[in-house]
2 protein chains.
Amino acid sequence: MKEPQSFAPEPTTGGPTAPSAYRKPNGEAPPNAGDPLILPPGIDSQTFKSFTQRLADIVGQSNVTIISTDKELHQESYLDPSKAHDMFYVLEKQYFVSSAVVAPRDVADVQAIMRLCNEFEIPVWPFSIGRNVGYGGAGPRVPGSLGMDMGRHMNKILNVDVDGAYALVEPGVTFFDLHDYLVKNNLRDKLWIDVPDLGGGSVLGNTCERGVGYTPYGDHYMMHCGMEVVLPDGSLVRTGMGALPDPEADPNLPPHEQKPNKCWQLFNYGFGPYNDGIFTQSSLGVITKMGIWLMTNPGGYQSYLITMPRDEDLHQAIEIIRPLRVGMVLQNVPTLRHVLLDAAVMGDKSTYSDSKAPLTDTEIDAIAHKLNLGRWNFYGALYGPEPVRAVMWQVVKTAFGQIPGAKFYFPEDMPDNKVLQIRDGTLQGIPSVDELRWVDWLPNGGHLFFSPIAKVSGDDAVAQYKLTRRRSEEFGFDFIGTFVVGMREMHHIVCIVYDRRDADMRRRAHKLISTLVDDAAKQGWGEYRTHLALMDQIAATYSFNDHAQMKLNEKIKNALDPKGILAPGKNGVWPQTYDKVAWRVPV
Amino acid sequence: MKEPQSFAPEPTTGGPTAPSAYRKPNGEAPPNAGDPLILPPGIDSQTFKSFTQRLADIVGQSNVTIISTDKELHQESYLDPSKAHDMFYVLEKQYFVSSAVVAPRDVADVQAIMRLCNEFEIPVWPFSIGRNVGYGGAGPRVPGSLGMDMGRHMNKILNVDVDGAYALVEPGVTFFDLHDYLVKNNLRDKLWIDVPDLGGGSVLGNTCERGVGYTPYGDHYMMHCGMEVVLPDGSLVRTGMGALPDPEADPNLPPHEQKPNKCWQLFNYGFGPYNDGIFTQSSLGVITKMGIWLMTNPGGYQSYLITMPRDEDLHQAIEIIRPLRVGMVLQNVPTLRHVLLDAAVMGDKSTYSDSKAPLTDTEIDAIAHKLNLGRWNFYGALYGPEPVRAVMWQVVKTAFGQIPGAKFYFPEDMPDNKVLQIRDGTLQGIPSVDELRWVDWLPNGGHLFFSPIAKVSGDDAVAQYKLTRRRSEEFGFDFIGTFVVGMREMHHIVCIVYDRRDADMRRRAHKLISTLVDDAAKQGWGEYRTHLALMDQIAATYSFNDHAQMKLNEKIKNALDPKGILAPGKNGVWPQTYDKVAWRVPV
């Protein structure tokens, strides 16, 4: 059993059989003065050097970066600071950090790396782009894991099929890349992509973390079709119709280069057990190719904003939204945003107030007034030819018009409303990065997402809002949040913004989210996704029948990855080779 | 390793360690004269009697039926003839037959049965209603399995939630049951169900076999939400949000009776690996409860028929359908049916022709003329308020109007067209059983479905049609088929109708479908679902990278079901305790 070092680890007693060789990389003298290596758990520096040499034999020296405490990590010099650790660290920056980062050049490299990690029993943490912001970025769950940068080289759009309205992408393809491809090839009049708030992340990575966007294709997992996956033992699987060889495939090519079945991106399920879901939010395989359905241009589009003046309008708004959404009058994934989220996109806190404390209702009202926004602001869109949109808009206006003081705007009515201009793009699948400006609400801003699933009901929305706002303020934070309305539920996304250089504030942010997880579980609310630091706690709340689901997950994990080399601890699933209690993150 | 008896099994040498005690139940003298028992493989009659006694201790004697070759099976006296074997048998009737059928009263019974089957190492084959017609009915893959009749007692609609637009059902709830519930509770103006062609089957069973229906909610698996599953070891899992306990759940109740989480039917994915898919077309668990999303009344509906006169119109029709379907102008799952399918619903072959041979083009044209139908007939529907439907209809009419001789009908235009009247119900989620009349095309009609997935392209449709018609005629059958148009592919459903009492015709039907599976695989086409007799052959066509997907399936199977007691061989997945080569069904 591999046991973690504590947060301030003791020096290793040395030797390859020592339980852990992970060293605190910064601030304290490493056990061997002058050796600034970070090591995988239970691996000594000599073994680690042999391992990285073997890695270099596979991918070439230039594709292996050793993370050194006195250079790369400290100076954030590995390509992008997010690639070896969590850019928005909430624990110490060097907590969720990789010992090295490898960038495979192709699927065969990934397979060889998996086999090598099995041989050395070293954990490997794949990431696509590393922009899993608010949830841990590129950082590994187990400190000292080998980071595997899937996106650096494997970043090709392999196919865009106009007739079938789909794309086949590698891990490094971002939403920007895919959108740009459509624009450059004059396909935007035919096909749209769906984008989350930020366009810089990986299409494949976001989908496999079950991220959402805002067009009618907002449920990315639902809209994926077909995966190619390297299993922990290094074998390669194509799921669904991809398991059926194409008659034109060249058997002399390596499997990952073989021409795929023409129905791979057309039909998800194939024959027999449908396995794709077990590769999402999971440590059971490394996805190397994925199909994603694209939306056909709907033949017309109109985004809009509805402002609602009072805090208590939340209840009525949600009750209005539910039947419209389930009835597909609201055709896409709309959002109901608290005014401070919009305010934060348009300015930092100091532009609105000198207060260091959470803003009061009076102060929030003043901001809403200044921005010509409501306390709650609904961003939606209409899709289709004009007569269809007209029918929908009439229904929407009548319904929201029941809220006293509700106002209706199209983007041209509010040219200075940055959020409405951004959302006008986002809701038609045009990527941007502007939305992340809210992270600058505080200086040196970092953030955590608290993301419980809510029933689309006024009571549930108000209860979640009241709870999360009260707790936020109790720990000294402003409530910044949004309700993202799916088919039959809402992702309630609460953005906990903190100053990364303020250790006390980070501790409070961590304590806040941890408290909220427990508060929510007591009400029967669970989170859909979380930061590395919260994975164990949240997994433990999904405890029906003595944690039967986790026992199932562990059985499958141990069957597919007996040495526990792939992403141990991801989403709370620990392989048999780890003492899962010892690895809990202290709050 | 358990080995099967051959189709005409040798008498067992007796004793509990004999490789198989399965006996030919009919026609030949059983090994012990006067003992008409059918036995599970490798189980002697004494052990079997102990087993069935223990079964009776669990569920009560009245819920255990021993299948006896000289009574129940022969006389088809077990409640319904479909419950112990395949109603539409293509091999000998007694081939895919259960040794006994048990009807659990609740989830605790299912758990106890699974543990008992592990203790005795006896295979168990669950079915919901047993109406998996064309794919094996209630028959087990391994002769002599214990049939588990999930639907006999576990047939409750546990919840219909109008706000959330979903139902929670047990295995025995049929499409009729669910529809009737809506009608009786005056909910039909709010909620619609989606139905396949036949309404007598199980909602849960159909969904878990990945069956489809014809409204916008036609992809049943996509529209399911949340499962409760008994694993092969008898443990009980709730997936997705169901894994999060409800705060009002009574911990003193058995887990399966505990109040579920209120988001269980609202959000599919929960936290961590999304496992639901591995329980479909699979032998990894017995689903005891399932959520299904219901469609809200769209506020308007109009079904229609478009007839196209010539055989070669197929190509153009499909090319017209593709962009309309992916663009959601065709909002539901429409069908393009060959005229003989419609003809067979409205009469048997003898009403149209004295020919025993496959009908010629001239004869088929005469039938089309007589019925006022085209060679190809497109059944679609419009959903939404009148202005929305008007926009859609205009686009549909213009598009199909390009086909010379295409004619457009609403149901009121053709009161005598039974198929259009049936489809008018089916496309708005009203169940019926009338469609199955086509099985009476021949006397004593039985059928097999050949169901390849096709790209929505004229070339692919024509190639599949030509291949399947040519082969059908080669083996002496009429081509009876339909293209069922999903989001981006078509389920091409070919109905192979045969006279069950004609052993030669059954052999030809079996040979035909087996030939078609190989023909299709050579073109890169694979089937989405199949009859018991074809499972191994089709699974073998999904062979990418040396059958990597099957190796993955087997690893998971062996981890969750080490003794291989649950549905061995289902969809070609054999547990380690079976010699999968020996169990192949001879063609």
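Conditions (1) out of contact with any Pro (no Cβ under 8 Å at 6 or more places or on another chain); (2) within 20 Å of A:M114 (Cβ to Cβ); (3) at pLDDT below 90, marked per residue:
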site	(1), (2), (3)
A:G27	yes, no, yes
A:N32	yes, no, yes
A:T47	no, yes, no
A:D57	yes, yes, no
A:G60	yes, yes, no
A:S68	no, no, yes
A:E72	yes, no, yes
A:L79	yes, no, yes
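Screening A:L382, A:L448 for residues that are assigned to a strand (DSSP E or B), in contact with a strand residue (DSSP E or B) (Cβ under 6 Å, 6 or more places away or on another chain) and more than 29 Å from B:V388 (Cα to Cα) leaves exactly one candidate, A:L448. When each of A:G213, A:G205 is tested for being under 20 Å from A:T296 (Cβ atoms), at pLDDT 95 or above and under 18 Å from the mean Cα position of the chain (by Cα), the lone residue that passes is A:G213.
Given the criteria under 19 Å from the mean Cα position of the chain (by Cα) and among the aliphatic types (A, V, I, L, M), does B:A461 qualify? Give the steps one after another, and end with the answer.
Working: under 19 Å from the mean Cα position of the chain (by Cα): no; among the aliphatic types (A, V, I, L, M): yes.
It is false that B:A461 is under 19 Å from the mean Cα position of the chain (by Cα) and among the aliphatic types (A, V, I, L, M).
Here B:K466 clears all of (1) within 22 Å of the chain's Cα centre (by Cα); (2) farther than 20 Å from B:L534 by Cβ; (3) without any contact (Cβ under 8 Å) to a residue 60 or more places away in the chain except the condition numbered (1).
Could you identify the single residue in B:T288, B:T307 that is of a type in the set (V, I, T), over 30 Å from B:Y465 (Cα atoms), buried (at least 19 other Cβ atoms within 10 Å of the Cβ) and under 29 Å from the mean Cα position of the chain (by Cα)?
After ruling out the rest, the residue left standing is B:T288.
Looking across the stretch B:185-243 at every residue that is within 14 Å of chain A (Cβ to nearest Cβ), in contact (Cβ under 8 Å) with a residue 60 or more places away in the chain and among the aromatic types (F, W, Y), the one that is surrounded by the fewest Cβ atoms within 10 Å (Cβ to Cβ) is identified as B:Y217.
Here is a list: A:R469, A:R508, A:R501. Which entry is at pLDDT 95 or above, among the charged types (D, E, K, R) and either over 22 Å from A:R584 (Cα atoms) or not in a helix (DSSP H, G or I) (or both)?
Values: A:R508 fails: either over 22 Å from A:R584 (Cα atoms) or not in a helix (DSSP H, G or I) (or both); A:R501 fails: at pLDDT 95 or above.
Just one listed residue meets the conditions, A:R469.
Candidates B:N261, B:N252, B:N332: the one that is more than 30 Å from B:E554 (Cβ to Cβ), in a loop (DSSP other than H, G, I, E, B), out of contact with any strand residue (DSSP E or B) (no Cβ under 6 Å at 6 or more places or on another chain) and open to solvent by less than 10 Å² (accessible area, probe 1.4 Å) is B:N261.
Checked against the criteria, A:D459 counts as within 14 Å of chain B (Cβ to nearest Cβ), open to solvent by 10 Å² or more (accessible area, probe 1.4 Å), part of a helix (DSSP H, G or I) and acidic (D, E). Please go through the stretch A:97-129 and give me each residue that is within 19 Å of A:Y578 (Cβ to Cβ), open to solvent by less than 10 Å² (accessible area, probe 1.4 Å) and in a loop (DSSP other than H, G, I, E, B), ordered by number. Selection gives A:S98, A:S99, A:I122, A:P123.
The set of residues in the stretch A:444-455 being open to solvent by 10 Å² or more (accessible area, probe 1.4 Å) and either within 12 Å of chain B (Cβ to nearest Cβ) or in contact with a helix residue (DSSP H, G or I) (Cβ under 6 Å, 6 or more places away or on another chain) (or both) consists of A:K455 alone.
Taking first residues from the stretch B:150-162 that are open to solvent by 20 Å² or more (accessible area, probe 1.4 Å) and partners that are not in a loop (DSSP other than H, G, I, E, B), the Cβ contacts under 6 Å between residues at least 6 apart in sequence or on separate chains come to B:I157/B:V169; B:I157/B:Y181; B:L158/B:L168; B:N159/B:L168; B:V160/B:A167. On the given criteria, is B:T280 open to solvent by less than 10 Å² (accessible area, probe 1.4 Å), in contact (Cβ under 8 Å) with a residue 12 or more places away in the chain and under 30 Å from A:K551 (Cα atoms)? In short, yes. The single condition from (1) open to solvent by 20 Å² or more (accessible area, probe 1.4 Å); (2) free of Cβ contacts under 8 Å to residues at least 60 places away in the same chain; (3) polar (S, T, N, Q) that B:N275 fails is (1). Give me the residue from the stretch B:163-178 that is farther than 13 Å from B:I193 by Cα and in contact with a helix residue (DSSP H, G or I) (Cβ under 8 Å, 6 or more places away or on another chain) and, out of that set, surrounded by the fewest Cβ atoms within 10 Å (Cβ to Cβ). Once the filter is applied, the top-ranked residue is B:D163. Evaluated against (1) within 28 Å of the chain's Cα centre (by Cα); (2) away from every other protein chain (no Cβ under 14 Å), A:S355 falls short on exactly one condition, (1). Filtering the stretch A:373-403 to residues that are open to solvent by 40 Å² or more (accessible area, probe 1.4 Å) and either without any contact (Cβ under 8 Å) to a residue 60 or more places away in the chain or among the aliphatic types (A, V, I, L, M) (or both) leaves A:P387, A:A390, A:Q394, A:V395, A:K397, A:T398, A:G401.
Candidates B:V587, B:V573: the one that is away from chain A (no Cβ under 11 Å) and among the hydrophobic types (A, V, I, L, M, F, W, C) is B:V587.
Yes/no matrix, rows are residues, columns are (1) in a helix (DSSP H, G or I); (2) open to solvent by 10 Å² or more (accessible area, probe 1.4 Å):
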| site | (1), (2) |
| --- | --- |
| B:L512 | yes, no |
| B:D519 | yes, yes |
| B:D536 | yes, yes |
| B:D546 | yes, yes |
| B:K551 | yes, yes |
| B:K557 | yes, no |
| B:P562 | no, yes |
| B:V581 | no, yes |
| B:V587 | no, yes |
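The values are calculated or read from the model by the stated rules, or taken from the named source; none is laboratory data. Keep in mind it's a predicted model, so treat the numbers as computed, not measured. Heads up, the Cβs are rebuilt from the backbone with ideal geometry, glycines too, and the neighbour counts pull from every protein chain shown. Accessible surface areas use protein heavy atoms only, side chains included; no ligands, DNA or RNA. Shrake-Rupley method; radii C 1.70, N 1.55, O 1.52, S 1.80 Å.
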